[in-house]
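The values are calculated or read from the model by the stated rules, or taken from the named source; none is laboratory data. For clarity, every value in this text was computed on a predicted model and none was experimentally measured. For neighbour counting, all protein chains shown are included, and Cβ atoms are generated from backbone atoms with ideal geometry for every residue, glycine included. Protein only, heavy atoms only, side chains kept; ligands, DNA and RNA dropped before computing areas. Shrake-Rupley method; radii C 1.70, N 1.55, O 1.52, S 1.80 Å.
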Amino acid sequence: MDWLIDAGSTGHKFALMFVAIALFVVVMGAILLAVDRPKRVPGWVVAAAFLGPTVLGLGFGLVYPGLRTIWGSLLDSKGNAFVGLENYVRVFSEDQFQTVLRNTLMWVILVPVLATLIGLVYAVLVDRTRFEYLAKTLIFLPMAISMVGAGIIWKFVYEFRPDQPGVNQIGILNQLLVWLGLPPQQFLLGEPANTLFLIAVMIWIQTGFAMTVLSAAIKAIPDDIVEAARLDGLHGAKMFRFITVPSIRPALVVVVTTIAMGTLKVFDIVRTMTGGNFGTSVVANEFYVQSFRIRDLGLGAALAVILFVLVIPLVIYNVRQLRIAEEIR
């Protein structure tokens, strides 16, 4: 039994992985064979056979850890004594965590709004132009880069070197400042502006997603609606305001809420570029720091619960809007 729990070497871990895969194949094969073999099987047996593993997986992998986290948020830093809502009071009262909440709010407001706005404007401008596919590919490329990779790239973009003779700037932004006769800046040190520079990285990544979805929605607008609007004298900005935006409203809602949910969980960019220092930490990063660096289990669990609670309204709103869109269709 210890062999299945305690994997000390890389070879041991690979062996456990193959054992787990083999067990999964055997169990699923047995279930499918048992369901398929008899000619008359009650409906509830078929449903239990196919839904049972999924329900068990969700129960042990999602529901149980969630309940344990909620309970852990009511305990002390060691996870032993019951302290009630003390951890939540700390989060909403101490200056350190108020800065974290302020930064998270900035991320959740600015990233979805700006990424969606830039993606929408770009999708409209390049729609049916000669180099449409090339232009869209260039904007979509950052989506193929991991958050960690993007953080490393932009860390070099913001890189600072002292303004001294013989010292060359390797950061693109600071080199541009030097060419313009301005002193180089430490973009990632001064708060709260450094948070804005981190937010720019997320916008750079998510704009491609917004552009792709919104471009598809724009192309789906019926031609007769567009032609009727043109006959009524709508062109340019008025066409965009009164025809394009109302027609793609469901897609706009999906894009904004999807980006907002991803932004709430942002961790990689902050961790890679600043480590959460210099007043740039967000809830997801602070949860990691408190849980695994400082080892304050109660406070870390409370931050995880807060993050979960913040995501729930976005998920509910997104699902409702999708249902409304399906009913309209």
Test each condition in (1) open to solvent by less than 50 Å² (accessible area, probe 1.4 Å); (2) at pLDDT 85 or above; (3) not hydrophobic (A, V, I, L, M, F, W, C) for Tyr64 and report the one that comes out false. (1)
Can you spot a residue in region 191-208 that is farther than 18 Å from Val148 by Cα, in a loop (DSSP other than H, G, I, E, B) and in the same structural domain as Leu114 (by TED's automatic domain parsing)? yes
Would you confirm whether any residue within region 228-239 is within 13 Å of the chain's Cα centre (by Cα), among the charged types (D, E, K, R) and outside any helix (DSSP H, G or I)? no
Determine which single condition Phe156 fails, assuming it passes every other condition in (1) within 22 Å of the chain's Cα centre (by Cα); (2) of a type in the set (A, V, I, L, M, F, W, C); (3) over 23 Å from Leu307 (Cα atoms). (1)
Selection over region 170-198 where residues are in contact (Cβ under 8 Å) with a residue 60 or more places away in the chain and open to solvent by 50 Å² or more (accessible area, probe 1.4 Å) yields a count of 4
With respect to the numbered conditions (1) part of a helix (DSSP H, G or I); (2) open to solvent by less than 50 Å² (accessible area, probe 1.4 Å), which one is the sole condition not fulfilled by Pro250? (2)
With (1) surrounded by 18 or more Cβ atoms within 10 Å (Cβ to Cβ); (2) free of Cβ contacts under 8 Å to residues at least 60 places away in the same chain; (3) among the hydrophobic types (A, V, I, L, M, F, W, C) as the list, and Met202 as the residue in question, which single condition is left unmet? (2)
If the Cβ limit is 6 Å and pairs must be 6+ apart or interchain, which residue in region 148-169 that is free of Cβ contacts under 8 Å to residues at least 24 places away in the same chain pairs with which residue that is exposed (fewer than 14 other Cβ atoms within 10 Å of the Cβ) and not small (Gly, Ala, Ser)? Val157/Ile172; Glu159/Ile170; Arg161/Val167; Asp163/Pro183
Taking into account only those residues within region 83-137 that are among the charged types (D, E, K, R), outside any loop (DSSP other than H, G, I, E, B) and open to solvent by 60 Å² or more (accessible area, probe 1.4 Å), which is modelled with the lowest pLDDT? Asp95
Would you confirm whether any residue within region 227-247 is modelled with pLDDT under 90, more than 14 Å from Thr116 (Cα to Cα) and of a type in the set (S, T, N, Q)? yes
